[in-house]
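S.K.: Right, I'll just put the structure down here and ask away after.
The values are calculated or read from the model by the stated rules, or taken from the named source; none is laboratory data. Worth saying up front: this structure is predicted, and the values here are computed from it rather than measured. Don't worry about glycine lacking a Cβ; one is built from the backbone with ideal geometry, like all the others, and counts go over all protein chains shown. Accessible surface areas use protein heavy atoms only, side chains included; no ligands, DNA or RNA. Shrake-Rupley method; radii C 1.70, N 1.55, O 1.52, S 1.80 Å.
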Amino acid sequence: MREKIVAGNWKMHKTLEESQALITEIRGIIRDELRGQTRVIVCPPFIALTAASRLLEGTDIGLGAQNCHFEDQGAYTGEISAPMVKSTGARYVIIGHSERRQFFGDTNEITARKAKNAIRHGLKVIFCVGETLQQREDKTYFKVVEAQLRDGLFDLDRKEFSQVVIAYEPVWAIGTGLTASPEQAQEMHAYIRKVVATHYTDEIAADTSILYGGSVKPDNAATLFGQEDIDGGLIGGAALKARDFVDIVKGMR
Ligand code: PGA
């Protein structure tokens, strides 16, 4: 059965000290208030991964990076590879976030190489897909998301694909305060599951966690997470406040 997951994507926020403080706060509230069915994951910036890993030892909270390169090592100034991420203690990596696609040239082909290499090194991949406002208005959003899945993921064999969590994040809803309605999100999640079933099998599709991301807040989390094909969330802004983040996790019940 697929896992329920709420992951926090901190983006380019928090110094080392601030990250340690936020992790400590999240850890404390979760210990006191959650007996969870839901897997909670935090994705701080690279510089905080090692410290975060130590702080999360002995807890059920997972740790992820926000990106990694498709090569293991080499002359790629400023980049971080999957083995490097793994060596920090992180077990997840976000690949193909729309900000990477938009500002750093992450094409479908590059996301495919990144996902493949991360999985080869034993990381689980949170793979992001989603359409822009223009694509939503042009009504090409199903095609766009299908291409992102096909070109980014479907070279993976079944075993590799079992290490993938999909996150549907409509670009027009990220950091904008606009949220996809539960119906719009559910419609796309069901579509994604169908596409996965067509390429792999019904069973694999049923076992794949599909997260929603884009302005998830404590007050809209429960309705979104209540949809049949929404298995959790990828949280940006609201993941930077421990109270809000944990309240969003509680929306998962
Ligand atoms: P947001 O970001 O929650 O701030 O909209 C979500 C994301 O980009 O993962």
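S.K.: Across the range 140-176, which residue is nearest to Ala115 (Cα to Cα) among those that are at pLDDT below 95 and open to solvent by 60 Å² or more (accessible area, probe 1.4 Å)?
M.R.: That would be Gly175.
S.K.: For residues that are over 10 Å from Val6 (Cβ atoms), among the basic types (Lys, Arg) and in contact with a helix residue (DSSP H, G or I) (Cβ under 8 Å, 6 or more places away or on another chain), scanning just the range 213-252, find the one that is nearest to the ligand (Cβ to nearest atom).
M.R.: Of the range 213-252, the ones over 10 Å from Val6 (Cβ atoms) are 213-215, 217-220, 222-224, 226-230, 236-238, 240-244, 247.
Filter again for among the basic types (Lys, Arg), leaving 217, 241, 243.
Those left that are additionally in contact with a helix residue (DSSP H, G or I) (Cβ under 8 Å, 6 or more places away or on another chain): 217, 243.
On the way: Lys217: 8, Arg243: 15 Å.
Result: Lys217.
S.K.: Could you check Phe103 against (1) within 16 Å of the ligand (Cβ to nearest atom); (2) in contact (Cβ under 8 Å) with a residue 12 or more places away in the chain and say which number it fails?
M.R.: With (1) within 16 Å of the ligand (Cβ to nearest atom); (2) in contact (Cβ under 8 Å) with a residue 12 or more places away in the chain applied to Phe103, the lone miss is (2).
S.K.: I'm trying to understand the selection: among the residues of the range 207-253, which are part of a helix (DSSP H, G or I), basic (Lys, Arg) and closer than 20 Å to Gln20 by Cα?
M.R.: Of the residues in the range 207-253, the ones part of a helix (DSSP H, G or I) are 207, 218-225, 237-240, 242-250.
Cutting the leftovers down to basic (Lys, Arg) gives us 243, 250.
Hit for the range 207-253 is Arg243, nothing else.
S.K.: Further question on the same structure: Does the range 4-12 contain any residue that is away from the ligand (no atom under 16 Å from the Cβ) and assigned to a helix (DSSP H, G or I)? Explain how you work it out, then say what you get.
M.R.: Restricting attention to the range 4-12, the residues satisfying the condition of being away from the ligand (no atom under 16 Å from the Cβ) are 4.
If we keep only those that are assigned to a helix (DSSP H, G or I) as well, we get none.
The answer is no; no qualifying residue exists.
S.K.: Within the range 185-212, work out how many residues are open to solvent by 60 Å² or more (accessible area, probe 1.4 Å) and either over 18 Å from Thr223 (Cβ atoms) or within 15 Å of the ligand (Cβ to nearest atom) (or both).
M.R.: To start, the set of residues in the range 185-212 that are open to solvent by 60 Å² or more (accessible area, probe 1.4 Å) comprises 187, 194, 198-199, 202-203, 207.
With the extra rule that they be either over 18 Å from Thr223 (Cβ atoms) or within 15 Å of the ligand (Cβ to nearest atom) (or both), the set shrinks to 194, 198-199, 202-203, 207.
Residues flagged as open to solvent by 60 Å² or more (accessible area, probe 1.4 Å) and either over 18 Å from Thr223 (Cβ atoms) or within 15 Å of the ligand (Cβ to nearest atom) (or both) within the range 185-212 amount to 6.
S.K.: Any idea which residue in the range 72-113 is nearest to Gly130 (Cα to Cα), counting only those that are surrounded by fewer than 19 Cβ atoms within 10 Å (Cβ to Cβ) and of a type in the set (Asp, Glu)?
M.R.: Glu109
S.K.: Any idea which of Arg27, Arg35, Arg31 is assigned to a loop (DSSP other than H, G, I, E, B) and within 18 Å of Ile248 (Cβ to Cβ)?
M.R.: Details: Arg27 fails: assigned to a loop (DSSP other than H, G, I, E, B); Arg31 fails: assigned to a loop (DSSP other than H, G, I, E, B).
Result: Arg35 is the single residue among Arg27, Arg35, Arg31 that is assigned to a loop (DSSP other than H, G, I, E, B) and within 18 Å of Ile248 (Cβ to Cβ).
S.K.: When you scan the range 13-25, how many residues do you find that are open to solvent by less than 80 Å² (accessible area, probe 1.4 Å) and away from the ligand (no atom under 16 Å from the Cβ)? Give the steps one after another, and end with the answer.
M.R.: Let us first name the residues in the range 13-25 that are open to solvent by less than 80 Å² (accessible area, probe 1.4 Å), namely 14-16, 19-24.
Next, only the ones that are away from the ligand (no atom under 16 Å from the Cβ) stay: 15-16, 19-21, 23-24.
Result for the range 13-25: 7.
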